[in-house]
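Encoded as C-alpha cells, the structure appears first; notes follow it.
The values are calculated or read from the model by the stated rules, or taken from the named source; none is laboratory data. Just so it is clear, the model here is predicted, and its values are computed rather than measured. Every residue, glycine among them, receives a Cβ derived from its backbone with ideal geometry; neighbour counts consider all protein chains shown. The accessibility values were calculated without ligands, DNA or RNA, using every heavy atom of the protein model including side chains. Shrake-Rupley method; radii C 1.70, N 1.55, O 1.52, S 1.80 Å.
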Amino acid sequence: AVVSTQSTGERNLVATIPREILSCLEITELHLGNNRIKELPRELGYLRNLKKLFIYKNEIAEIPDEIGHCQSLQILDVSCNLITMFPEGIYHCALKELHCDENPLLEHLPVLSQNVHDIFYLKELCARMILQSFKDRNSILRKSATVRPDILNVLKDAKKCVVCEQSYLFSWLECVHFVNAKSELKLKNRAGNIPIRACLCSYDCFYTEGHNYFAVSYPN
C-alpha cells in the first residue's frame with residue numbers, strides 16, 4: 001500500500017499528518033514531502049509495516065523515538081528539514097538508506113564549558129525512588145505503587161540513563177553521540193558520522209569518564 005498526500009506531486013501544504021493515515025496499520029510506503037509539517041506524532045510508531053518514509057522539505061525539527069517501533073523501515077528521507085540529531089530509536093529500524101542532507105545536523109566541535117551540579121525537584125526525586133524500588137520485588141513502596149493506576153500511568157514514561165542505566169522521569173541531560181553511518185548503522189548510501197540523541201540522568205553521569213556522549217550546545 002502506498003499512501004500519499006498529493007495527487008500530482010507532493011505539494012498539498014499539509015501541516016499535520018492526518019490521524020486516518022496513522023490508523024492504517026498496513027501502510028508500507030508513505031509520501032509526505034513538500035509540505036508544512038512541523039511535528040511527527042508519536043503514533044507514527046504504530047506503522048509497524050512501514051518500509052519507506054519520505055518527509056523531505058518540511059519544517060520538522062525532531063523525529064520521535066517511537067520511530068524505532070517501525071522495525072521494517074528501510075528508507076527514510078528527511079532531507080531539507082530542521083533536524084539536528086536523530087533519536088536512539090533509529091537503531092531498531094532496518095535502515096538501508098538515510099537521506100538527511102540540508103539539515104542543521106550537530107557537529108562534533110569542542111567548546112568551553114563549566115562544571116554544573118545537579119539540582120532535582122522533589123517530584124523527580126520521588127519518581128526515581130519509586131522506580132528504583134521496582135527492582136526489589138519485596139519493596140513496600142513497589143507494592144503500594146502497583147495498586148495505584150494514576151502513579152503507574154505517570155511512571156510509564158520513564159527512561160533509562162545510557163551511562164548508569166538508572167531510570168529517570170522528568171529531568172535529564174540531553175546529549176549526543178556520533179555513530180558511523182556504515183559500520184554502526186549499516187547504511188548503504190552514506191558515510192561519515194550521524195548524530196544520535198542520548199539522555200543522561202545527571203551531570204554526575206556526564207562527568208564520568210569512559211563514555212562518548214557530548215553535551216549539546218546551540219549557538220545564540
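Shown here for the stretch 100-177: GluC sites (Glu not before Pro) in loop regions (DSSP other than H, G, I, E, B) with at most 11 other Cβ atoms within 10 Å, namely 107, 165. Heavy atoms of the protein chains alone define the surface here; on that basis the chain has 61 Å² accessible area per residue at 1.4 Å probe size.
Working note: Cα atoms of the stretch 32-86, range along each principal axis, descending, whole Å: 24, 17, 17. At an R0 of 22 angstrom, the distance between the Cβ atoms of residue 36 and residue 102 translates into a FRET efficiency of 0.85.
For the stretch 92-201, the alpha-carbon coordinates run over 52, 38, 22 Å along the three principal axes, in decreasing order. Take the Kirkwood radius over Cα pairs of the chain, plug it into Stokes-Einstein at 10 °C and 1.306 mPa s, and you get 82 µm²/s for translational diffusion. If the limit is 21 Å between Cα atoms, which of 156/186; 123/143; 96/156; 135/160 go over it? 156/186; 96/156, as the Cα separations exceed 21 Å there. Couplings for the stretch 19-28, taken from phi via the Karplus curve 6.51 cos²θ - 1.76 cosθ + 1.60 with θ = phi - 60°, read 4, 4, 5, 5, 8, 8, 5, 8, 4, 10 Hz in order; Gly and Pro are left as x.
Calculated FRET efficiency, residue 25 to residue 183, Cβ-Cβ distance, R0 = 30 Å: about 0.35 to the nearest 0.05.
Under the simplified labelling scheme, the residue 132-residue 13 pair shows an inter-label distance of 5.5 nm, with each label point 7 Å from Cα along Cα→Cβ. The simple spin-label model puts a point 7 Å past each Cα toward its Cβ; for residue 152 and residue 117 those points are separated by 3.9 nm.
Would you please put 129-137, 85-93 in order of how densely packed they are, using the mean number of other Cβ atoms within 10 angstrom per residue and starting with the highest?
Ranking the peptides 129-137, 85-93 by packing returns 85-93, 129-137.
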